[in-house]
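Undergrad: Here it is, the structure, as structure tokens.
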Amino acid sequence: MQKDIIKIYPQEPSPIKLILTLAIAGLISGIAIIAIYEATLPTITAYKAKMLREAVFKVLPKVTQIQKLQYIDGKLQPIDSENNNEIIYAGFDTEKNLIGYAIKGEGPGFQDTIQILYGYIPTKHLIVGMEVLDSRETPGLGDKIYKDADFQTNFKALTIEPTVVIVKKGMKSAANEVDAITGATISSKAIVRIINQSNEKWLKRIESLKDVH
């Protein structure tokens, strides 16, 4: 007589068990991500500070010393920390004569926020250098705002009076004009807009600062 064969199938896990398993896995992943972030944060912060310091010397030619200034209670004051966005950098020569200021600015580009730093000489009302600190603009197009040497040249002796203006490439005819990048007009316009907005914010504050040591 043939015996009946009984097949035993594995029991499916209950929905509650699945939810708990996913929750635990998510918690462990979250903790791991936070731990990695906390471990690498000092290194990332130090690297950004180093890159920013190097950028200050690039946008302010002949500067040998810099000093951080924070806008507090209606005036600029020397500080050591860097805990908010109300900060600029004063640049001095070897004899501690003030040369100019490095000003940070940021605003929307084509893809994401663009962060820049530019050097400003108050006695001449001139921008004398510009560095892109952070950008995620389109490779091959928008990234020309920091890769295109001709575009960078616009900011070597750029007057801010009455305001900085963007023009079509090859049409620059005045000291306050910037040649746009062909194929990356939005990104190049963003740089000019950021500079004008930052000037609105900082130039009156700079004019109120008579001497810094």
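Undergrad: Can you name every residue in the range 50-68 that is in contact with a Leu (Cβ under 9 Å, 6 or more places away or on another chain), among the aliphatic types (A, V, I, L, M) and at pLDDT 90 or above?
TA: The first filter runs over the range 50-68 and keeps only residues in contact with a Leu (Cβ under 9 Å, 6 or more places away or on another chain), leaving 51-52, 55-56, 58-59, 66.
Cutting the leftovers down to among the aliphatic types (A, V, I, L, M) gives us 51-52, 55-56, 59, 66.
Of everything in the range 50-68, those that are in contact with a Leu (Cβ under 9 Å, 6 or more places away or on another chain), among the aliphatic types (A, V, I, L, M) and at pLDDT 90 or above turn out to be ALA55, VAL56, VAL59, ILE66.
Undergrad: Contact list please: Cβ distance under 6 Å, first residue in the range 129-152 and farther than 14 Å from LYS169 by Cα and without any contact (Cβ under 8 Å) to a residue 40 or more places away in the chain, second residue surrounded by fewer than 16 Cβ atoms within 10 Å (Cβ to Cβ) and among the small types (Gly, Ala, Ser), pairs at least six apart or on different chains.
TA: Sorted first by the residue in the range 129-152, then by its partner, the list stays empty.
Undergrad: Still on this structure, I have one more. Quick check, is LYS169 assigned to a loop (DSSP other than H, G, I, E, B), among the charged types (D, E, K, R) and in contact with a helix residue (DSSP H, G or I) (Cβ under 9 Å, 6 or more places away or on another chain)?
TA: On the way: assigned to a loop (DSSP other than H, G, I, E, B): yes; among the charged types (D, E, K, R): yes; in contact with a helix residue (DSSP H, G or I) (Cβ under 9 Å, 6 or more places away or on another chain): yes.
The answer is yes for LYS169.
Undergrad: What pairs come out if I take residues in the range 193-213 that are farther than 14 Å from THR163 by Cα and pair them with residues that are modelled with pLDDT under 90 and of a type in the set (Lys, Arg) whose C-beta lies under 7 Å away, six or more apart or interchain?
TA: What qualifies is SER208/LYS75.
Undergrad: Restricted to the range 131-164, and to residues that are assigned to a loop (DSSP other than H, G, I, E, B), exposed (fewer than 13 other Cβ atoms within 10 Å of the Cβ) and of a type outside the set (Val, Ile, Thr), which residue is nearest to the chain's Cα centre (by Cα)? Give the steps one after another, and end with the answer.
TA: Here is the first cut: in the range 131-164, the ones assigned to a loop (DSSP other than H, G, I, E, B) are 135-143, 148, 154-157, 160-164.
When the remaining residues are screened for being exposed (fewer than 13 other Cβ atoms within 10 Å of the Cβ), the result is 139-140, 161-163.
Restricting the remaining residues to those that are of a type outside the set (Val, Ile, Thr) gives 139-140, 161-162.
Values: PRO139: 17, GLY140: 19, GLU161: 24, PRO162: 25 Å.
Going through the qualifying residues, I end up with PRO139.
Undergrad: Additional query: How many residues, within the range 183-192, are more than 15 Å from THR153 (Cα to Cα) and either without any contact (Cβ under 8 Å) to a residue 60 or more places away in the chain or surrounded by 18 or more Cβ atoms within 10 Å (Cβ to Cβ) (or both)?
TA: Going through the range 183-192, the residues more than 15 Å from THR153 (Cα to Cα) turn out to be 183-187, 189-190.
Applying the additional criterion that residues be either without any contact (Cβ under 8 Å) to a residue 60 or more places away in the chain or surrounded by 18 or more Cβ atoms within 10 Å (Cβ to Cβ) (or both) yields 183-185, 187, 189-190.
Going through the range 183-192 one residue at a time, the tally reaches 6.
Undergrad: Also, quick follow-up: Tell me, please, whether a residue that is under 19 Å from the mean Cα position of the chain (by Cα), more than 20 Å from ILE66 (Cα to Cα), of a type in the set (D, E, K, R) and crowded, with 20+ Cβ neighbours inside 10 Å can be found in the range 196-205.
TA: no
Undergrad: Look through the range 93-122, keep the residues that are touching a helix residue (DSSP H, G or I) at 6+ places or on another chain (Cβ under 9 Å) and outside any strand (DSSP E or B), and return whichever of them is surrounded by the most Cβ atoms within 10 Å (Cβ to Cβ).
TA: GLY109
Undergrad: Does any residue in the range 114-128 that is closer than 12 Å to VAL56 by Cβ come within less than 9 Å, Cβ to Cβ, of a residue that is assigned to a strand (DSSP E or B) and basic (Lys, Arg) six or more places away or on a different chain, and which pairs are these?
TA: Cβ pairs passing all conditions: LEU117/LYS104; TYR118/LYS104.
The values are calculated or read from the model by the stated rules, or taken from the named source; none is laboratory data. Remember, predicted model here, so these are calculated numbers, not experimental data. We place every Cβ from the backbone using ideal geometry, glycine too, and count neighbours over all the protein chains shown.
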